[in-house]
Each structure stands twice: as C-alpha cells, then as structure tokens.
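Taking it in order: structure first as structure tokens, then the write-up.
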Amino acid sequence: MSTGNNSTTTSNGTNSTNSGNQEDPASYFLKLARQCSSTSETPSASMMVTMEDDDREDEPTELNTINSSGGFLLMSTDKLTVKYTSVNLHGHDVGAVQANMPAPVKRLVYYFEIYVKNAGEKGQIAIGFTSESFKMRRQPGWESNSCGYHGDDGYLYRGVGKGEPFGPPFTSKDTVGAGINYASQEFFFTKNGAVVGAVYKDIKGPLFPTVAVHSRNEEVEVNFGQKQFAFDLREYETQERTKQQKLIEKIPLPQNVSFGLVRSYLLHYGYEETLNSFDLASKSTVPPVHIAQENGFSEQDITYALNERRTLRQLIRSGDIDAAIVKLRDWYPQIVQDERSATCFLLHCQKFIELVRVGALEEAVKYGRIELAKFFELPGFADLVQDCVALLAYEQPQESSVGYLLEDSQREIVADTVNAMVLSTNPNLKDFQGCLRSYLERLLRQLTVCCLERRSMNGDQGEAFHLHRVLNNSNKANC
C-alpha cells in the first residue's frame, strides 16, 4: 500500500518539492465550495445562471422614429409599420428607417422579417442591415457599411450603387427576412419562409436592421419577433449546429485516443471498478482497443494509490466521513495533521452536513461547537461555516437557500479534494495540475480557451462558448 510518507509535506499535506509556491489542491476545491456558498446554487446551476446573464442583450423591438428619413414615410403608432407617402422626384428620396437597437451579437443567428402590405407603384422596397452612421435617405446597400436585398429586381446591394443578381423579386403579400449567421459570418435573406441566399458579412461594428420604401403607397410591416416568423428560425439554427458538429466529426481521431482519455479520467478519480469494466469492454470490441503509451498518457502518476483513493471516495460519497478521516489518519497522516487546513475544514463541514441530513440535530450542534468553531474567524472559511450552521434554522433545509449543501455535488467536492490531496503526496509528481484535473478535463479547458479565442478574433460575435451546451448538442446529435 502506497502512503507517500517519504515525501516532505507542507502543513496542508502537499509535497513541498513538487508544489513549490503553488496553492495546495485543497484550497482550489475550497474555492469551488465557496463559489456555491456565494450563489446558493450547485456549481452546474451557478454556471447556467452565469451563462444566461452573459447571453442577455438588448435587441430591436420597434423602428426608430428619430433616426429615419421622416419626410418620406409615415410610421404607425406602434412603430412597426412604415408607408411611403411622397412622390419621389429624385433618386435619393428614399424612406429608410432603422430599428431602435442594433442586432444582438451573442448568439448563433439574428433574424427579422417584413411583410409587404403594398408594393406601391414601383415595388422599390429593401431590407437589410446598415451601420449607425448610414444616411437615412438611401437604400440599404447603396452606401458603404450596408447590405440590402431589393424587391423590384431581386438584386443584392453591398455598399456600391450597382447590384448583383441574388434572388427573386418580391411584391405585395410577400414576407421577406434578413439575418446574420455569426457562425459562418454571413448575411442571409429569405422569401416566404425559404432561404434565398447568403453572402459574406464584410461589415464590422454594430449593425441595425433596416427597411426602406421608395415609391408611393409602398407599405411594409416589420416583425422583430413579436409574432411567429414565416421562416423556421429554430430549424435553421439546428441545421447550422449540425453542420458544425459534422465538421468536427470529420476530424480523424484514433479510437484508442478517446478510450485513453476516458480511461485516464477514471484513473484520476479512483473509479477502479468502473475502470475494470471499461478495460474489459475495450478488449471485447472488434477489433480490441489497445491503449498505447505513445498517445501521451502516462499512468504512472494517476495510478498512484488507486485502491486507497477508491476507498476514500466511496466512503465520502456514502456520507461516512468518520471512516474517511480514520483512513486518512492511517494512510496519509500528513494530509490531516493540520487541523485548520482546508482539507480538514471541508471534511468537518461535510460531517456536520451528514448529521443534519439524517436529522441528528443535537449531535450536529455539539459537533459544530467543537469542530466548526475553530474555523469561524479564519479568513476564507466563515461564509461556508455560516451556511452550514444555517441548515439548523430550517424545518426543511433541503428547500432553503443553503439546501445546496445537502446535494450530492457537495459530497463530490469533498471527495475530489481528498483525491487531489492523496495524489499530491506522490513523491514522483511532476505536474501540479495533475492533482486537480484529469487529462480529459484539461483538454476540455483547452477547447474552451481555443473557442473563446476564435470568438475574440471574430469581434466577439456569435454564441458565447459554454462547454455543457456543446456536449448537450453533441449528445442530441448522436441520439
């Protein structure tokens, strides 16, 4: 049985020759626990709230009555319908109007539509996107930093006076849409629910949905999403995500590499029984999958003390904290020798939580006065201590603001802490990050960084990257 007792350790039980001045693993997991305390949510729920906050943007709701060529159009009181009322004497007498907000950018696609109530005398209606400085007496696409699809000829105009063949003309009773696909960096246009075509979006900066009318009695109604679109936007987004997923799936990946990543994850967290079943399954495939060491997976570090880590995890996940502490004192006394370390704190908190869980409130009070009181005035511990003690104030604590402490995710944090601390006692440890995360998790973190960097290079346009969303989309695609 490997105990790692030959290594020199700090008061928190980390190998001083390996960790140097780095933070000990227990402090890292304490921060995770404190994050839960600050949000009163589980880590996954907290992440989802943050995701929703990050993705929220103001978006167009009506037409801008101030920034428009008001002398050439009449706008309805709901600011969603415009009508050309003048007899155009000059080519620049256009009735153009922008939305009250630029198109939001933190999403896969932005889209809006117009319904042509009347094509008027010439049907010179246009829909598209323009910059904030666009001249309102011009058609979208006639000036730089603008793009527009025109109804009289079906041409597309992109910043120059001359258009290019693009799609069919549109007239009275037609519904026409304009969108921005941030993933492909394209403008796309629709007619009566079908995509007409797409072109590269070569315009930077905020872009405003824009419509224009140019001959007498032309009238259009704008739909910014206040009612159902004629175009199936949700299906379009699904297709776009499927395209991206298929591109990813085309990347060749040897089967043993993916097996190796999964295997390293099971090894890192001490899931020995699952690991044995996984190894058995990999041998029964046709052909058998062999995990080669040249793929970059060195099992020397992550197989360290596998049996002990498995036992400790099982005890903590079952709520038997006393037995876990006894095992630690027997196998790795250096980890728990400092009674005020982050590791001991999390273990004592979990013991208190388990007492509350089974309704042993008097025993929980006594335990708290003895063990938790040691940490109350220490920096970094007080907020979590307060949350633990607050469990006593509720008849149904699992439904309270501190109910997150009673969830299995809290046990996992403590189990992960102990697992990392045991790994840190390995005298041959070279990579401090290896205590905290498996190869698979480090790879996923790298994926996140790469996706965020790509989005940054794209002007921070497109969906914010959320790993769980990507994984969920992948699961749906494989169903």
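Of all residues in the stretch 110-130, exactly one satisfies the criterion of being within 18 Å of residue 228 (Cβ to Cβ) and in contact with a Leu (Cβ under 7 Å, 6 or more places away or on another chain), namely 111. Do we have residue 227 as more than 24 Å from residue 134 (Cα to Cα) and either touching a residue at least 60 places away in the same chain (Cβ under 8 Å) or not in a loop (DSSP other than H, G, I, E, B) (or both) here? Taking the combined requirement at face value, the residue does not satisfy it.
Beta carbons closer than 8 Å, at least 6 apart along the sequence or on distinct chains, pair a first residue in the stretch 250-268 that is closer than 15 Å to residue 283 by Cα and of a type in the set (Phe, Trp, Tyr) with a second that is open to solvent by less than 40 Å² (accessible area, probe 1.4 Å) and in a loop (DSSP other than H, G, I, E, B) for 259/289.
Of everything in the stretch 144-162 that's open to solvent by less than 60 Å² (accessible area, probe 1.4 Å) and of a type in the set (A, V, I, L, M, F, W, C), which residue is farthest from the chain's Cα centre (by Cα)? Checked the stretch 144-162; the qualifying residue farthest from the chain's Cα centre (by Cα) is 156.
Among the criteria (1) touching a residue at least 60 places away in the same chain (Cβ under 8 Å); (2) more than 20 Å from residue 28 (Cβ to Cβ), the one residue 387 does not fulfil is (2). Against the criterion of being surrounded by 14 or more Cβ atoms within 10 Å (Cβ to Cβ) and among the basic types (Lys, Arg), residue 351 qualifies.
Which numbered condition in (1) crowded, with 21+ Cβ neighbours inside 10 Å; (2) touching a strand residue (DSSP E or B) at 6+ places or on another chain (Cβ under 8 Å); (3) of a type outside the set (Phe, Trp, Tyr) is the only one that residue 225 fails? (1) is the only condition that residue 225 fails. Taking the condition of a type in the set (Phe, Trp, Tyr) and more than 16 Å from residue 30 (Cβ to Cβ), does residue 394 pass? Here the answer is yes, as residue 394 does meet what is asked.
Hey, any hits in the stretch 175-194 for a residue that's more than 22 Å from residue 110 (Cα to Cα) and crowded, with 16+ Cβ neighbours inside 10 Å? No. When restricted to residues that are among the polar types (S, T, N, Q), in a loop (DSSP other than H, G, I, E, B) and at pLDDT 90 or above, the stretch 281-319 contains 1. Any residue at all in the stretch 163-170 that is open to solvent by less than 40 Å² (accessible area, probe 1.4 Å), among the small types (Gly, Ala, Ser) and closer than 30 Å to residue 93 by Cβ? Yes, the stretch 163-170 contains at least one residue that is open to solvent by less than 40 Å² (accessible area, probe 1.4 Å), among the small types (Gly, Ala, Ser) and closer than 30 Å to residue 93 by Cβ. When residue 407 is tested against the conditions (1) at pLDDT 90 or above; (2) within 18 Å of residue 316 (Cα to Cα); (3) open to solvent by less than 60 Å² (accessible area, probe 1.4 Å), the lone failure is (3).
Summed over the stretch 238-281, the residues that are closer than 23 Å to residue 316 by Cα and either open to solvent by 70 Å² or more (accessible area, probe 1.4 Å) or among the charged types (D, E, K, R) (or both) give a count of 7. As a summary of the residue check, residue 133 satisfies the conditions (1) open to solvent by 50 Å² or more (accessible area, probe 1.4 Å); (2) of a type in the set (Gly, Ala, Ser); (3) in contact with a Gly (Cβ under 9 Å, 6 or more places away or on another chain) except for the one numbered (3). In the stretch 441-467, of all residues being not in a helix (DSSP H, G or I) and not small (Gly, Ala, Ser), the one that is most open to solvent (accessible area, probe 1.4 Å) corresponds to 460.
Just one of the numbered conditions (1) open to solvent by 10 Å² or more (accessible area, probe 1.4 Å); (2) touching a Lys or Arg at 6+ places or on another chain (Cβ under 7 Å) is not true of residue 384: (1). Scanning the stretch 300-335 for residues that are of a type in the set (Val, Ile, Thr) and closer than 18 Å to residue 436 by Cα yields a total of 4. In summary, residue 74 fulfils each of the numbered conditions (1) open to solvent by 10 Å² or more (accessible area, probe 1.4 Å); (2) at pLDDT 90 or above with the single exception of condition (2).
The values are calculated or read from the model by the stated rules, or taken from the named source; none is laboratory data. Note that this is a predicted model, so its numbers are computed, not measured. Using ideal geometry, Cβ is built from the backbone for each residue, glycine included, and neighbour counts are taken over all protein chains shown. Only protein heavy atoms, including side chains, enter the accessible area calculation; ligands, DNA and RNA are left aside. Shrake-Rupley method; radii C 1.70, N 1.55, O 1.52, S 1.80 Å.
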